[in-house]
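The values are calculated or read from the model by the stated rules, or taken from the named source; none is laboratory data. In this text, all values refer to a predicted model and were calculated from it rather than measured experimentally. Neighbour counts are summed over all protein chains in view; Cβ atoms, including those assigned to glycine, are modelled from backbone coordinates with ideal geometry.
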Amino acid sequence: MNAVIYKKLGETIYHEKLVNGLEIFILPKKGFHKTFATFTTKYGSIDNKFLLPEKKCITQVPDGIAHFLEHKMFESEKGDVYHTFAKQGAFANAFTSFSRTAYTLSATFNINENLTTLLNFVQDPYFSDETVEKEKGIIEQEIKMYDDNPDWRARFGILANMYKSHPVKIDIAGTVNSINQITKEDLYACYNTFYHPNNMLFFVVGPVEPEEIIKLIRNNQEQKTFSKPEEIHRIFPDEDAKVNRRSSVMNLPVQTPKVFVGYKESNPGRQGQELLKYELSLNVLLELMFGNSSEAYEKMYNGGYLDKPLTFDYTNEKGFGFSVIGGDSREPEEIINIVDETVFKFKKESIKKEDAQRIIKKEIGSFLSAINSPQFIANQFTRYRFNDMDLFDVLPTLENLTEKDLEQVLHLHFSEESKTTLTVIGK
């Protein structure tokens, strides 16, 4: 077991990689009452085409299968795992993103028992033709529910504008048609490929003793048999920096039109410290350009163009990345024009040091506040680790950012060929 000390934050992370490849991270928090754990696989909705380890052949599975598999994992031959956790006084949940599937647990007592249950159910898949068919009806209702959500539909609408063929543009849950093609054999193929311990990470944060928890996990894993770990070969289509469509309009049941401006990442291959510095720079830039204290926001608000506060975010994983700026507006063209004017102005003029440092300090404050949440730490630590980054490097990286770093990222990300717009109007 290794220990990494972060003096500025007063934190120590304990780490061990087991013989079967599973990485374990423990963050003891003596002042916390609740323990939070995640068991995460580096497998998400975009992993729909890959090389089968045993057959050495390429397979393409139906869209939405990672999310479908997440649902099915909670059902075992013994019954519903949620009931087991409830009896043990724990709350369990799960989520699927573009690039990972996480099974989460929070509890204040029976910690060892609950951690063991988390390990065991994720490593004991059970799929039958009957239960798979039953699940299709449940997920079909979930898909239809999201189809009625204008913000969700718009999110994937602007991704479809950006990407010609990359699966990031496909709804994480898939479509009604795609999930109805899923078989138990598909589920086992995906499970056996992506749920090997070598492709997974177990993270625990809370008032725990690291040695005791690592020993518990180590003993649990030693009692199980796993195949020899193999490199996973994911297959993605080629994508250039140009967007698929420059603009589009969606008709959805909205009272007020919505408008979104998106920028497709031209170089989505960054990983590690390079990615960390790049994405933190972009987050600072977006706040500086479009935050509540920005000139652009003031112009939109005073002009009466915004019905709700402007939203913006940046997403980057290996192979894709994008930023989206948007809001509700009865004058969507005015919002687009102000975004364009703002990007042009920032590119033309130098960023003032005092402005950059003001936003950097704000981001530092937000980060220090967020790491008081065990759920935030567990979920984000895993996401950073899967991209060869360290969550606790966020603070020193932010502290070392300069206005020159921001200007460099500004010119790299906000290019005209990578820009697209989406307007949502009422039916």
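Only one entry of PHE25, PHE50 meets the criterion of being outside any loop (DSSP other than H, G, I, E, B), assigned by TED's automatic domain parsing to the domain that holds LEU187, touching a residue at least 24 places away in the same chain (Cβ under 8 Å) and under 20 Å from GLU230 (Cα atoms), and that entry is PHE50.
Of all the numbered requirements in (1) more than 18 Å from the chain's Cα centre (by Cα); (2) modelled with pLDDT under 95, GLY269 misses one, and that requirement is (1). Just name the residue that is surrounded by the most Cβ atoms within 10 Å (Cβ to Cβ) out of those in the range 176-186 that are farther than 20 Å from ILE235 by Cα and β-branched (Val, Ile, Thr). Per the stated criteria, the residue is ILE179. Selection within the range 294-321: residues that are farther than 17 Å from GLU341 by Cα and polar (S, T, N, Q). The member of this set that is surrounded by the fewest Cβ atoms within 10 Å (Cβ to Cβ) is THR311.
If you go through the range 266-285 and pick out every residue that is surrounded by 20 or more Cβ atoms within 10 Å (Cβ to Cβ) and either of a type in the set (Gly, Ala, Ser) or closer than 18 Å to GLU416 by Cβ (or both), you end up with 3. Under the condition of being under 18 Å from VAL208 (Cα atoms) and either of a type in the set (Val, Ile, Thr) or not assigned by TED's automatic domain parsing to the domain that holds GLU209 (or both), which residue from the range 92-129 is surrounded by the fewest Cβ atoms within 10 Å (Cβ to Cβ)? Looking at the filtered set, the residue picked out is THR108. May I ask you to verify whether SER97 is farther than 27 Å from ASN177 by Cβ and of a type in the set (Gly, Ala, Ser)? Criteria not met by SER97.
Which residues, counting only those in the range 375-392, are more than 19 Å from TYR14 (Cβ to Cβ), of a type in the set (S, T, N, Q) and in contact with a helix residue (DSSP H, G or I) (Cβ under 7 Å, 6 or more places away or on another chain)? Across the range 375-392, the qualifying residue is only ASN387. Only a single item in (1) over 26 Å from CYS57 (Cβ atoms); (2) more than 21 Å from the chain's Cα centre (by Cα); (3) surrounded by 19 or more Cβ atoms within 10 Å (Cβ to Cβ) is not met by ALA189, and it is number (1).
Would it be correct to say that ALA378 is part of a helix (DSSP H, G or I) and at pLDDT below 95? It is true that ALA378 is part of a helix (DSSP H, G or I) and at pLDDT below 95.
How about the range 251-260: which of its residues are under 26 Å from the mean Cα position of the chain (by Cα) and either more than 22 Å from LYS144 (Cβ to Cβ) or outside the structural domain of VAL324 (by TED's automatic domain parsing) (or both)? Hits for the range 251-260 are VAL259, PHE260.
Surrounded by 18 or more Cβ atoms within 10 Å (Cβ to Cβ), in contact with a helix residue (DSSP H, G or I) (Cβ under 7 Å, 6 or more places away or on another chain), at pLDDT below 95 and hydroxyl-bearing (Ser, Thr, Tyr) - does that describe any residue in the range 70-91? For the range 70-91, residues surrounded by 18 or more Cβ atoms within 10 Å (Cβ to Cβ), in contact with a helix residue (DSSP H, G or I) (Cβ under 7 Å, 6 or more places away or on another chain), at pLDDT below 95 and hydroxyl-bearing (Ser, Thr, Tyr): present. Of the residues making up the range 338-354, those that are charged (D, E, K, R) and assigned to a helix (DSSP H, G or I) are ASP340, GLU341, LYS345, LYS347, LYS348, LYS353, GLU354.
Among the residues making up the range 393-414, those that are touching a residue at least 40 places away in the same chain (Cβ under 8 Å) and charged (D, E, K, R) are ASP393, GLU403, ASP405, GLU407. All of ASN198, ASN244 fail the test of being surrounded by 15 or more Cβ atoms within 10 Å (Cβ to Cβ) and touching a Phe, Trp or Tyr at 6+ places or on another chain (Cβ under 7 Å), apart from ASN244. Is it true that PRO210 is surrounded by fewer than 20 Cβ atoms within 10 Å (Cβ to Cβ) and of a type outside the set (Ser, Thr, Tyr)? No; evaluated as a whole, the condition is false for this residue.
Take ILE325 and tell me if it is surrounded by 20 or more Cβ atoms within 10 Å (Cβ to Cβ), without any contact (Cβ under 8 Å) to a residue 60 or more places away in the chain and closer than 22 Å to GLY262 by Cβ. So ILE325 fails the test.
In the range 404-415, what residues are surrounded by fewer than 18 Cβ atoms within 10 Å (Cβ to Cβ) and in a helix (DSSP H, G or I)?
LYS404, GLN408, HIS411, LEU412
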